[in-house]
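Each remark here refers to the structure printed beneath this line.
The values are calculated or read from the model by the stated rules, or taken from the named source; none is laboratory data. Remember, it's a predicted structure, so these values are computed and weren't measured experimentally. Counting neighbours? That spans all protein chains shown, and the Cβs are built from the backbone with ideal geometry, glycine included. Just the protein is used for accessible areas: all its heavy atoms, side chains included, with ligands, DNA and RNA removed. Shrake-Rupley method; radii C 1.70, N 1.55, O 1.52, S 1.80 Å.
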Amino acid sequence: MVLRTDKGAQDMLDTGVIVLFGEPVPDALSDICVVHNRGGRSPLAPRRNLLPGDILNLAGTTYTIDEVGEAATSNLSDLGHVVLYFNSPDQSLLAGAIKLSGPQPQLPDQEAILSFEPSSNKG
């Protein structure tokens, strides 16, 4: 569940990026993050490594995962932290980032639900 977003998070989204971070958030990052309650182990933590084709459900809007950085799943599980790049196929993929495609994203409201889900196409 989303707890808060700050003006810096909108500035980041204006460049096609959302930075997710679970509580507690380092002070240096708090003004640019979408902060969520992870209650110990992150409820966003996937049950397996995220893969291209999986889905991010961001407050009822779905996005397809195109690429997953090598540290993204573990960072999400351990810290609730990942950098999301929306509709940016030419963006270099950082280790802790995920590239997604879909509709133009909006910052989620407080109490919005975020989840990563396996692709329904996987056998």
Worksheet item: About its Cα centre, what dipole magnitude does the chain give when the only charges are +1 on Lys and Arg Cβ and -1 on Asp and Glu Cβ, stated in debye to the nearest 20?
Response: 420 debye
Worksheet, complete the sentence: When the chain is treated as a Gaussian network with springs between alpha carbons less than 10 Å apart, the largest mean-square fluctuation among Ala112, Ala95, Ala28 is found at Ala28
Worksheet item: Is the shape of region 73-123 best called rounded, prolate or oblate, per the rule: a/c under 1.5 gives rounded, else a/b larger than b/c gives prolate, else oblate, with a ≥ b ≥ c the square roots of the Cα gyration tensor eigenvalues?
Response: rounded
Worksheet item: Which entry is the computed log10 I(q)/I(0) by the Debye sum over Cα atoms at q = 0.11, 0.14, 0.17, 0.20 Å⁻¹ for this structure: (i) -0.31, -0.51, -0.79, -1.14; (ii) -0.53, -0.77, -0.96, -1.10; (iii) -0.42, -0.67, -0.97, -1.24?
Response: (i)
Worksheet item: Which far-off residues, 5 or more places away or on another chain, put their amide H under 5 Å from the one on Ser88, with H placed in the peptide plane?
Response: Leu100
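Given a 1.4 angstrom probe, I'd like the percentage of the accessible area of the chain that is carbon and sulfur, rounded to a whole number. Display every interim value, and only then the final one.
Working: 3070 of 6400 Å².
The C+S portion of the solvent-accessible surface of the chain is 48 percent.
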Discussion item. In whole Hz and in residue order, list the ³J(HN,Hα) couplings for region 110-118 that follow from phi through the Karplus curve 6.51 cos²θ - 1.76 cosθ + 1.60, θ = phi - 60°; x for Gly and Pro.
Written reply: 4, 6, 5, 9, 10, 8, 9, 10, x
Item to complete: For Glu67, list long-range residues whose amide hydrogen, built 1.01 Å from N in the peptide plane, is under 5 Å from its own amide hydrogen.
Response: Lys99
Worksheet item: How many Å² of accessible area per residue for region 4-123, probe 1.4 Å?
Response: 52 Å²
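At 0.36 nm per residue, minus the direct Cα-Cα distance, what do Gln91 and Lys7 gain on full extension? Give it in nm, one decimal, please. Show your work: numbers first, answer last.
Working: separation 84, 0.36 × 84 = 30.24 nm, distance 2.32 nm.
In short, 27.9 nm is gained.
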